[in-house]
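Presented below is the structure to which this report refers.
The values are calculated or read from the model by the stated rules, or taken from the named source; none is laboratory data. Since this is a predicted model, take the numbers as computed values, not measurements. Note that each Cβ is placed from the backbone with ideal geometry, even for glycine, and that neighbours are counted across all protein chains shown.
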Amino acid sequence: MTSRISSILKWFYPGIGVKRWIGLGAFGVLLLIFGTTQLGRDVHWITQALDSLIVISGIIILILGVKRMMRSFIAAFIPSSRGSELVDILYARKQLGRGPKIVTIGGGTGLAVLLTGLKQYTSNITAVVTVADDGGSSGRLRQEFDILPPGDIRNCLVALADAPALMRDLFQFRFDTNSQLSGHSFGNLFITVMTRLTGDFEKAIKETSRVLALKGQVIPSTLSNVILVAQHKDGTTTEGETMIPKAHRPINRVFLRPAQPQATPDAVKAIEEADLIILGPGSLYTSIIPNLLIREIQEAVAASGATKIYVCNAMTQPGETDGYTASDHVKVLVAHSHPRALDYCIVNSAHIPDEILRRYANQSSFLVVNDRNRIESMGYRVIEDEATVIDDNVIRHNPEKLAQIILGLMEEV
């Protein structure tokens, strides 16, 4: 009994920011009771009008008190909601919670771009992300601390974050070259520290997700310390995700070491429950396919009754997909996974200025040719649409437009 009274009294501690609104609501209730009581007693129209005004004032004050009190609660538990209208917050969360269950599979910046568009329509998003990265900050942390690479995970976490912009910028902040932390991003270091504290990479991601108030979830495709290996058409092999494009030799196939890594159970469950599965956009051999080389994920995707979409890159990638057409991308994807891995292929049809194409050509990157007839002869439907934008002379997928195209396909099915 004493503990219950103590819990109630805590609501009246200074600094909580709730007492004033409780008091305002209580005052509204008193006005409402007094006004309705007097309405039944007073006969004169002037006093009745005054009583009616008191009742209306009581209702308004009560609503205002309850509204402000609820906003205080929400601001405490959902920091990103500060300054937002309560009705907007509740409506948005309710609507997003009713959205389709979407699973995206890939890695790199391409997947993060897609997620920023999808989160405007649903919060039921699961990003299944590759952990084969071994370059840059991720590679250094992987080698030094014996953890899975956090870079692609971090990009997806920030893309799905509902936290304030400053928090997202903080996680993407990269230390300059004059620091001992040169090249590392704060987000990578944060995930590394969380992994060391919890002793579990998966748990570290979940705790980081809470910090960023995610609209969805980010799951590594496997918790095994895998290495991506490419077998080239000349019979040689290249080991390491970052070294494969640098070899500049046509790729025959890629595979993982160890050969049979176990899929993350949550990733498989999300795929089985999905309404929509999206492969890409992103590097074909080094971002998308590594996830599909995991047997449980490959089988779950193939068996799924969800609508399955592959988002083809707009440009070829030097040392990885040189000379590839759209159908070549699809053939390689199917060869490394399963014929039922996709139903649709989205190909960009947006006009790209010649000066941009020339700049890419200087880097040995060229427009992916849309040979839709060959894709359709394989049994897949092709969706041609203007899915890219030019951002600072860089060709990127348009997150909003891409999300609209994808969700439009769901309505057609």
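Values as computed for the structure displayed
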{"read-out": "Tabulated pairs, the stretch 109-122, first touching a residue at least 60 places away in the same chain (Cβ under 8 Å), second among the acidic types (Asp, Glu), C-beta under 7 angstrom, 6+ apart or interchain", "value": "117/400"}
{"read-out": "Residue among 157, 96 that alone is at negative phi, at pLDDT 95 or above and either in a helix (DSSP H, G or I) or not assigned by TED's automatic domain parsing to the domain that holds residue 403 (or both)", "value": "157"}
{"read-out": "Filtered residues of the stretch 102-137 (kept if of a type outside the set (A, V, I, L, M), surrounded by 24 or more Cβ atoms within 10 Å (Cβ to Cβ) and under 24 Å from residue 258 (Cβ atoms))", "value": "106, 107, 130, 133"}
{"read-out": "Helices (runs of 4 or more DSSP H) completely within the stretch 271-373 that count 3 or more residues being under 24 Å from residue 254 (Cβ atoms), in the same structural domain as residue 397 (by TED's automatic domain parsing) and out of contact with any Asp or Glu (no Cβ under 8 Å at 6 or more places or on another chain)", "value": "289-292, 295-303, 326-335"}
{"read-out": "Of residues in the stretch 164-180 being in contact with a strand residue (DSSP E or B) (Cβ under 9 Å, 6 or more places away or on another chain) and surrounded by fewer than 20 Cβ atoms within 10 Å (Cβ to Cβ), the one farthest from residue 115 (Cα to Cα)", "value": "175"}
{"read-out": "Residue within the stretch 120-130 that is at pLDDT 65 or above, touching a Gly at 6+ places or on another chain (Cβ under 8 Å) and either aromatic (Phe, Trp, Tyr) or on the phi > 0 side of the Ramachandran plot (or both) present", "value": "yes"}
{"read-out": "All positions within the stretch 257-270 that are surrounded by fewer than 23 Cβ atoms within 10 Å (Cβ to Cβ) and in a strand (DSSP E or B)", "value": "257"}
{"read-out": "Filter result for residue 53 (of a type outside the set (Val, Ile, Thr), at pLDDT 70 or above and surrounded by 15 or more Cβ atoms within 10 Å (Cβ to Cβ))", "value": "no"}
{"read-out": "Residues located in the stretch 352-407, provided they are of a type in the set (S, T, N, Q), over 21 Å from the mean Cα position of the chain (by Cα) and under 15 Å from residue 313 (Cβ atoms)", "value": "363, 364, 365, 370"}
{"read-out": "Residue check for residue 405: under 30 Å from residue 96 (Cβ atoms), of a type in the set (Val, Ile, Thr) and part of a strand (DSSP E or B)", "value": "no"}
{"read-out": "Condition met for residue 102 (at negative phi and modelled with pLDDT of 95 or more)", "value": "yes"}
{"read-out": "Scope the stretch 184-208; condition among the hydrophobic types (A, V, I, L, M, F, W, C) and surrounded by fewer than 19 Cβ atoms within 10 Å (Cβ to Cβ); matching residues", "value": "186, 189, 193, 197"}
